[in-house]
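Could you have a look at this structure, given as structure tokens, before my questions?
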Amino acid sequence: MTTTRRRTKYALLTGVLLATITGVAGLAVTLGDEYSLRLDATATRDHSLDERTERLIDQLESEHELVISADLARLDGAPRGALVDLIDALDRTDNLRVSVIDSREKLADLIGRLAMRDAGMIERHASAVESTRARGAEVAQDARALAERLRGFETASAQGRASLDAGAAALERGASDLDAIDERLSEALSRPFPGADLPEGDVALGAFEEPASRLSTALNAIENELAATRRVASESDNAEAAAWATQSHAIAARVRTARRRADDALRTLEPLEVLRIARAIERTELILLIGPDRTTALDVRTLVPDVRATGADAVRLVREGEQTLATALASAAVEHPPIVVLVHAAQQRLLDNEGKPLPQLERAFGGLANRLDQRAITMAEWAVSAGMPMPTRASLDPTGQRPIIWMTSGVPAPGSRDRYRRLLEFGDAIERLADRGESLLLTLAPSDALSLGEEDPLARTAREFGLEVRTATPLVTVTDGGVFRGQDVRNTSVDSPLSASVEGLPLLLLMPSPIDLSETPSVGVEASELLVVPESEETWGESDWFGIVYARGATPPAPTRDADRDRLEGPFVVGATATRARTPMEGSPTIDGAQRIVIVTGSDEWYSTGVLTGEVEVDGVRTLQFPGNAALLDASISYLAGLDE
């Protein structure tokens, strides 16, 4: 593409981005002139792409489309110019082209194009939903027939009669439950979106799974009762009763098999990409990276993460937005997106049957779930203290091709029931994952284990990777304004493989703990600093932190520096990456023969909805308050999945 053509294109494109929705006449020409002058005056590499970005674009095996679905008229000044610069730099590459959605017609065209691309997958999803609906109806019919058979059997035992009647009632309830979801399954078969009607296999699975599970429980009890009936009949030479029990048991087994097949038809489906994108566009403004086979989505605010910059800071804006986009490019280049398993010590599940946070936990995990979903990343969970067995790789990924990342979510709070037992279970679970060679994203919260004469079990795992996490002395900042638990982390180590993704971005950690990197790590272990809080007289690692965190609404007393007990000397490393050369257990792949982990210290609120999506208003323009948190999450997952290679 020639320079003249490119400038003409972006004079028009910028007009579409900033003027279409608001109808501001002449703005495109003005921006086009300003844009061309800046290009002509640029004598440095300030507006050239970073080497990492160029490398990732070169790795794309075919042309990708960058689609902007957003009202960017709210941008002005340096952020606007920075975005134009970034778009132009991207267009200089061979593998990207830019388009914009500024009307419902263009949205319908986009979804229609994606639907045509994914036509085969759409057909498979629709077929699976229809199959589950039909099989569900058959299961309901067979369950009623079995219930009638149970009620018709004459038994001499009053206890046996009661058990069979209870089983029959449970079967009838299960059949009624399946009848009740038929309408939901019908709606899931074809939901209208602009440009296409799409099947919602995940909705169908969520609707089917609960009544199917209850029916399975009933069948378990019935099969046990029938086995007992057959045994008693055989011992008493009652051939007729034994034959009845054998036949009934076979019928129950057929009902179970049919129920499982109805469930499997949906459970084995890969996510439907066009459905994910259509839903995401309904929720928020997006920038989409569309390839021949899959699409990656970005919240538009992460591309222009800080509208507060002016003048010379426009270059920084370009770099920040570019690094976020580069991470998305890494995701777009991979055929099989990762799976993130949330590992926690809560005594109940946190996600529903569709892998989405329960309604009461939306504030905690909704932002995380949406961000993963935009990138086609599946979220699952391991509720360690809820009696949930460790998910197998086969159950998480039947294809066996998707990277799996295990991400921790906090520890039991003081005063919670069975806290220490759950903490030990949690620590054992993480150690088990580490021993298996799994990729780990660990959040280490402050811990009072040391004061109880015990060791923080998560810190024990970190030590295996040459990282000594001082969770007994988390950082606080004390000023005349009070005690502050949050650390606005901006410093990063240039040596870390993740540094380029988060460098310079505002990033919030609550009560992070200092990390010491071992000077003599085990053979095959390499660790790097990632996040650093600079040294300050106002900031230190506080040993008497418990009352600050759990002040129960009262204003905590300001602590004072204690040279004997506190960690005073900075700077303080509060995030790190590490690799460990190893031969993993079967089915636990490493990346280039090394296991990877990322450790972030402090509260797990660093990836809560409020922090990931929280905004601040500057001069009437709203922007992300802590874009570094979202960038850290994205980059950590890409790094752990080996996508940023």
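Give me the strands (runs of 3 or more DSSP E) completely within the range 372-451, filtered to those with at least 1 residues that are touching a Cys at 6+ places or on another chain (Cβ under 8 Å) and surrounded by 17 or more Cβ atoms within 10 Å (Cβ to Cβ), ordered by residue number. Before the answer, list the steps.
On the way: elements: 378-383, 404-408, 439-444.
Here the list is empty.
Residue pairs, Cβ under 6 Å, 6 or more apart or interchain, first in the range 90-110 and touching a residue at least 12 places away in the same chain (Cβ under 8 Å), second open to solvent by 90 Å² or more (accessible area, probe 1.4 Å). List them.
Going by the 6 Å Cβ cut-off, the qualifying pairs are N95/E63.
Here is a further query. Is it the case that some residue within the range 491-500 is open to solvent by less than 60 Å² (accessible area, probe 1.4 Å), modelled with pLDDT under 85 and closer than 20 Å to D566 by Cα? Break it down into steps so the answer makes sense when it comes.
We begin by selecting, within the range 491-500, every residue open to solvent by less than 60 Å² (accessible area, probe 1.4 Å); these are 492-493, 496, 498-500.
Cutting the leftovers down to modelled with pLDDT under 85 gives us 492-493, 496, 498-500.
Applying the additional criterion that residues be closer than 20 Å to D566 by Cα yields none.
No; the residues of the range 491-500 include none that is open to solvent by less than 60 Å² (accessible area, probe 1.4 Å), modelled with pLDDT under 85 and closer than 20 Å to D566 by Cα.
Right, here's the next one. Can you tell which of A278, A297 is under 19 Å from A204 (Cα atoms), touching a residue at least 60 places away in the same chain (Cβ under 8 Å) and open to solvent by less than 10 Å² (accessible area, probe 1.4 Å)?
Details: A297 fails: under 19 Å from A204 (Cα atoms).
Answer to the selection: A278.
If you don't mind, there's one more thing I want to ask. How many of the residues making up the range 212-238 are open to solvent by 40 Å² or more (accessible area, probe 1.4 Å) and under 40 Å from the mean Cα position of the chain (by Cα)? So that I can check it myself, show each step before the final result.
Step one: list which residues in the range 212-238 are open to solvent by 40 Å² or more (accessible area, probe 1.4 Å), which gives 213-214, 217, 220-221, 224-225, 230-232, 234-238.
Applying the additional criterion that residues be under 40 Å from the mean Cα position of the chain (by Cα) yields 213-214, 217, 220-221.
Residues meeting the conditions: 5.
Can you tell me which residue in the range 452-479 is surrounded by the fewest Cβ atoms within 10 Å (Cβ to Cβ), limited to those that are β-branched (V, I, T) and closer than 24 Å to D562 by Cα?
Within the range 452-479, the match that is surrounded by the fewest Cβ atoms within 10 Å (Cβ to Cβ) is T479.
Now, a different point. Taking the range 261-275 on its own, how many of its residues are part of a helix (DSSP H, G or I) and either touching a strand residue (DSSP E or B) at 6+ places or on another chain (Cβ under 8 Å) or without any contact (Cβ under 8 Å) to a residue 12 or more places away in the chain (or both)?
Of the residues in the range 261-275, the ones part of a helix (DSSP H, G or I) are 261-267, 273-275.
Restricting the remaining residues to those that are either touching a strand residue (DSSP E or B) at 6+ places or on another chain (Cβ under 8 Å) or without any contact (Cβ under 8 Å) to a residue 12 or more places away in the chain (or both) gives 264, 273-275.
Total satisfying the criteria: 4.
Consider A369 carefully, then state whether it is part of a helix (DSSP H, G or I), open to solvent by 10 Å² or more (accessible area, probe 1.4 Å) and free of Cβ contacts under 8 Å to residues at least 60 places away in the same chain. Reasoning before the result, please.
Working: part of a helix (DSSP H, G or I): yes; open to solvent by 10 Å² or more (accessible area, probe 1.4 Å): yes; free of Cβ contacts under 8 Å to residues at least 60 places away in the same chain: yes.
In short, yes.
Is it the case that the range 128-136 has a residue that's assigned to a strand (DSSP E or B) and free of Cβ contacts under 8 Å to residues at least 24 places away in the same chain?
Looking only at the range 128-136, we keep the residues that are assigned to a strand (DSSP E or B), and these are none.
There is no residue in the range 128-136 that is assigned to a strand (DSSP E or B) and free of Cβ contacts under 8 Å to residues at least 24 places away in the same chain.
Does T579 satisfy being modelled with pLDDT of 85 or more and either under 29 Å from L498 (Cα atoms) or polar (S, T, N, Q) (or both)? Spell out how you get there, then give the answer.
Working: modelled with pLDDT of 85 or more: yes; either under 29 Å from L498 (Cα atoms) or polar (S, T, N, Q) (or both): yes.
When the stated conditions are applied, T579 passes them.
Still on this structure, I have one more. How many residues does the range 239-254 contain that are open to solvent by less than 70 Å² (accessible area, probe 1.4 Å), within 17 Å of E154 (Cβ to Cβ) and without any contact (Cβ under 8 Å) to a residue 40 or more places away in the chain?
4
Residues of the range 167-178 being in contact (Cβ under 8 Å) with a residue 40 or more places away in the chain and open to solvent by 50 Å² or more (accessible area, probe 1.4 Å), which ones?
R173 - this is the single residue of the range 167-178 that is in contact (Cβ under 8 Å) with a residue 40 or more places away in the chain and open to solvent by 50 Å² or more (accessible area, probe 1.4 Å).
Sort out which residues of the range 336-364 are small (G, A, S), open to solvent by less than 10 Å² (accessible area, probe 1.4 Å) and not in a loop (DSSP other than H, G, I, E, B), and write them in order of number.
Residues of the range 336-364 small (G, A, S): 345-346, 355, 364.
With open to solvent by less than 10 Å² (accessible area, probe 1.4 Å) added as a condition, the list becomes 345.
Hits for the range 336-364: nothing passes.
Which residue out of A108, A145 is more than 41 Å from the chain's Cα centre (by Cα) and either under 30 Å from D293 (Cα atoms) or assigned to a helix (DSSP H, G or I) (or both)? Give the steps one after another, and end with the answer.
Values: A108 fails: more than 41 Å from the chain's Cα centre (by Cα).
Checking each option against the conditions leaves just A145.
Looking at this structure, is R184 free of Cβ contacts under 8 Å to residues at least 24 places away in the same chain, open to solvent by 30 Å² or more (accessible area, probe 1.4 Å) and assigned to a helix (DSSP H, G or I)?
On the way: free of Cβ contacts under 8 Å to residues at least 24 places away in the same chain: yes; open to solvent by 30 Å² or more (accessible area, probe 1.4 Å): yes; assigned to a helix (DSSP H, G or I): yes.
In short, yes.
Could you tell me which of the residues A233, A221, A278 is part of a helix (DSSP H, G or I), at pLDDT 80 or above, small (G, A, S) and more than 22 Å from T378 (Cα to Cα)? Show your work before the answer.
Details: A233 fails: at pLDDT 80 or above; A278 fails: more than 22 Å from T378 (Cα to Cα).
None of the others qualify; the one that does is A221.
Quick check on R55: is it part of a helix (DSSP H, G or I) and either modelled with pLDDT under 85 or open to solvent by less than 50 Å² (accessible area, probe 1.4 Å) (or both)? Full working, then the answer.
On the way: part of a helix (DSSP H, G or I): yes; either modelled with pLDDT under 85 or open to solvent by less than 50 Å² (accessible area, probe 1.4 Å) (or both): yes.
Yes: the conditions hold for R55.
Continuing with this model, one more query. Against the definition (aliphatic (A, V, I, L, M), surrounded by 21 or more Cβ atoms within 10 Å (Cβ to Cβ) and modelled with pLDDT of 75 or more), how does L107 come out, yes or no?
Values: aliphatic (A, V, I, L, M): yes; surrounded by 21 or more Cβ atoms within 10 Å (Cβ to Cβ): no; modelled with pLDDT of 75 or more: yes.
In short, no.
The values are calculated or read from the model by the stated rules, or taken from the named source; none is laboratory data. Here the structure is a predicted model, which means the values were calculated and not measured. We place every Cβ from the backbone using ideal geometry, glycine too, and count neighbours over all the protein chains shown. Quick note on the areas: whole protein, heavy atoms, side chains included, nothing else; ligands and nucleic acids left out. Shrake-Rupley method; radii C 1.70, N 1.55, O 1.52, S 1.80 Å.
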